[in-house]
Amino acid sequence: MGKTLKRSAAFAALARALASGTRGGPSLGARLAALPRMIRATAKGEYDGGLRLALMAGATAYIVSPIDLLPEIPLAIFGLADDAVMVTWLAGSVLAETERFLEWEARRGSVIPGHVVP
């Protein structure tokens with residue numbers, strides 16, 4: 001039960017971080033819509049986000065995993081702190097990487113393949 005509540009809180013914190021971090025940049029909808037395109041472009045080798053995507057996937061797996069590196073019960077606040085750090089890092093990474101990808105995508109759309117742009 002405790003892990004389920006922690007997951008809910010973690011995802012709520014992630015959603016808040018994503019929403020608050022989008023001010024002045026691409027909308028949250030544009031960022032979320034870019035995730036599948038970013039994964040596809042990375043898988044095709046067109047975009048260089050492989051390591052960052054792997055780290056984000058690992059952080060997501062850690063957050064939703066029922067196994068914890070620092071368990072909540074015996075370690076109290078320290079058991080929750082590791083998850084809070086992961087959620088914060090993940091939110092920042094998603095914001096930064098989707099913005100980077102959207103900029104790359106916009107530049108790529110203005111380039112004709114096979115032509116050198118000065």
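Read-outs: derived from the displayed coordinates by stated rules, not from any lab. Predicted model only: the values in this text are computed from it and were never measured. Methodologically, a virtual Cβ is constructed for each residue, glycine included, from the backbone with ideal geometry; neighbour enumeration extends over all protein chains shown.
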(request) Would you calculate the separation in nanometres between label points at A81 and V64, each defined as 7 Å from the Cα along the Cα-to-beta-carbon direction? (result) 2.8
(request) Round to the nearest 0.05 the FRET efficiency obtained for S27 and D48 when R0 = 22 Å and r is the Cβ-Cβ distance. (result) 0.35
(message) What FRET efficiency comes out for T88 versus R108 if R0 is 35 angstrom and r is the Cβ-Cβ distance? Round to the nearest 0.05.
(response) 0.70
